[in-house]
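What follows is calculated from the coordinates using simple rules that are stated; it is not laboratory data. Computed from a prediction, not measured in an experiment: that's the story for all the values here. Here the Cβ positions follow ideal geometry from the backbone for every residue, glycine too, while neighbour counts run over all protein chains shown.
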């Protein structure tokens, strides 16, 4: 039997309870690269030399781990590639890139102001 919390708007139901839960919460880890190239695994500082080993241990303990990379936009591309290489060598396959929503700061986007629509 599989049990999972379900959220549906507009449906007011009382779910039954269960003593067992066969769905395990997903293990999520955030890898941050700051502007000055300091690395953090979640909130713990980690050096580039130690990163691959720490990620291997994480993968052993949590085979389905998902990793989310947060890199400052000013971090050199080569540094991001080096970090991603360590992630892949550690065997972590579920990788996401954390970004901000698109806004007026988009690279290459023309800065044309939007005029309000005219009502006739």
Label-to-label distance, nm, for residues given as residue 28 and residue 60 (7 Å Cα→Cβ offset): 2.7 nm
Normalised by the number of residues in segment 28-97, what is the relative contact order in percent for Cα pairs under 8 Å and 6+ residues apart? 39 percent
